[in-house]
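Right, one structure below, let's go through it.
The values are calculated or read from the model by the stated rules, or taken from the named source; none is laboratory data. Just so we're clear, the structure is a prediction, and the values are computed from it rather than from any experiment. Methodologically, a virtual Cβ is constructed for each residue, glycine included, from the backbone with ideal geometry; neighbour enumeration extends over all protein chains shown.
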Amino acid sequence: MDRLKDKIAVITGAASGIGLGTVELFVAEGAKVIAADVQDDKGKDLERRFNGQVKFVHCDVTKEEDIQATMQAAKDNFGGLDILFNNAGAGGAPNTIEDMTGEAWDRTMGLLLRSVALGMRYAIPFIKERDGGSIINTASVAALSAGMGPIAYSTAKAGVVHLTTVAAAQLGRSKIRVNAICPGFIRTEIFAAGMRAAGMNEQMATMVTKGMFEQQADAQPIPKPGLPEDIANMCLFFASDESKFVTGTHIQVDGGLTVGPRHSWDPEEQQRRMAMRAQAMQAKS
Ligand SMILES: NC(=O)c1ccc[n+]([C@@H]2O[C@H](COP(=O)([O-])OP(=O)(O)OC[C@H]3O[C@@H](n4cnc5c(N)ncnc54)[C@H](O)[C@@H]3O)[C@@H](O)[C@H]2O)c1
């Protein structure tokens, strides 16, 4: 219950999904949290729910001045900053490389990569004042292979992984650890929000995501749906002193989604492939 006792954290994208799950866990573990997001109503609800332990700050992470003000808010409201969880995000531009535009590319990088760099930039002076702390960046399994997200999103998340490594190298002597989490398929609003942004109506977006979530436990070797709490638990480890010798890493929290292709872990898929091969052999003979 006290793994984050006396710690002060900033969490971006705090109003929903992974960010929200992490606010809840950090508060339960004794932290005070600046919950940063663009969703004001949800953010204010959160502040009311955790009166005194959570302060909501309107922060659009694509705006440098908002990021700077958010870090300052940790100092002004709670007296300092120990932990930054750079987590806000969305699916970004759906374009392929063949129909990419400069605007779509820059928008996605601004939301997913520049925001993380600037988050660190403005958090560091406050974390140094506390003689060190922890920065956790949300990357994605899309950083690691093709087929997990649009190309701009995947490239931005790969950037987050490397940004994490290099920042960890630069900040170790200041006792600031920097690590990244690569979530797999996690049940959050991100999918419906992406569909709405692409023009799908509310009813259809709800129906499609419901279908996706019903199949979710079957998406990876571990047969359970990925939930925000699964990522929050890893974030808690990185945020707490238990990870005091861990920096510059990225870890998949994905139920094994990235261990290999489906036939490497799903016996039904192995049988299906065997049967197809046998059929093809029969047809030839
Ligand atoms: N859900 C998944 O399967 C999954 C997988 C891999 C990575 N991720 C990453 O996890 C992070 C959190 O996403 P989630 O799945 O919890 O989605 P979510 O939609 O539930 O939450 C994202 C939050 O970020 C906020 N946000 C979006 N744009 C913002 C901006 N410009 N400024 C400030 N806040 C902004 C949203 O308002 C929302 O509250 C994202 O970085 C996402 O890329 C999610």
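Filter region 25-59 for residues that are more than 10 Å from the ligand (Cβ to nearest atom), part of a loop (DSSP other than H, G, I, E, B) and touching a residue at least 24 places away in the same chain (Cβ under 8 Å); which is farthest from residue 8 (Cα to Cα)? Checked region 25-59; the qualifying residue farthest from residue 8 (Cα to Cα) is 50. State whether the residues of region 154-171 include one that is within 17 Å of the chain's Cα centre (by Cα) and among the charged types (D, E, K, R). Yes, there is a match, as at least one residue in region 154-171 is within 17 Å of the chain's Cα centre (by Cα) and among the charged types (D, E, K, R). Beta carbons closer than 9 Å, at least 6 apart along the sequence or on distinct chains, pair a first residue in region 73-85 that is surrounded by fewer than 18 Cβ atoms within 10 Å (Cβ to Cβ) with a second that is in a loop (DSSP other than H, G, I, E, B) for 75/81; 80/130. Listed conditions (1) farther than 20 Å from residue 143 by Cβ; (2) part of a helix (DSSP H, G or I); (3) among the charged types (D, E, K, R) are all met by residue 230, apart from (1). Out of the residues in region 119-136 meeting the condition of being part of a helix (DSSP H, G or I) and among the basic types (Lys, Arg), tell me which one is nearest to the ligand (Cβ to nearest atom). Step by step, filter region 119-136, then rank; the result is 121. Evaluate region 108-118: report whether one residue or more is away from the ligand (no atom under 15 Å from the Cβ), at pLDDT 95 or above and outside any loop (DSSP other than H, G, I, E, B). Scanning region 108-118, I find no residue that is away from the ligand (no atom under 15 Å from the Cβ), at pLDDT 95 or above and outside any loop (DSSP other than H, G, I, E, B), so the answer is no. If you go through region 177-187 and keep only what is near the ligand (Cβ under 6 Å from one of its atoms) and surrounded by 22 or more Cβ atoms within 10 Å (Cβ to Cβ), you end up with 183, 186.
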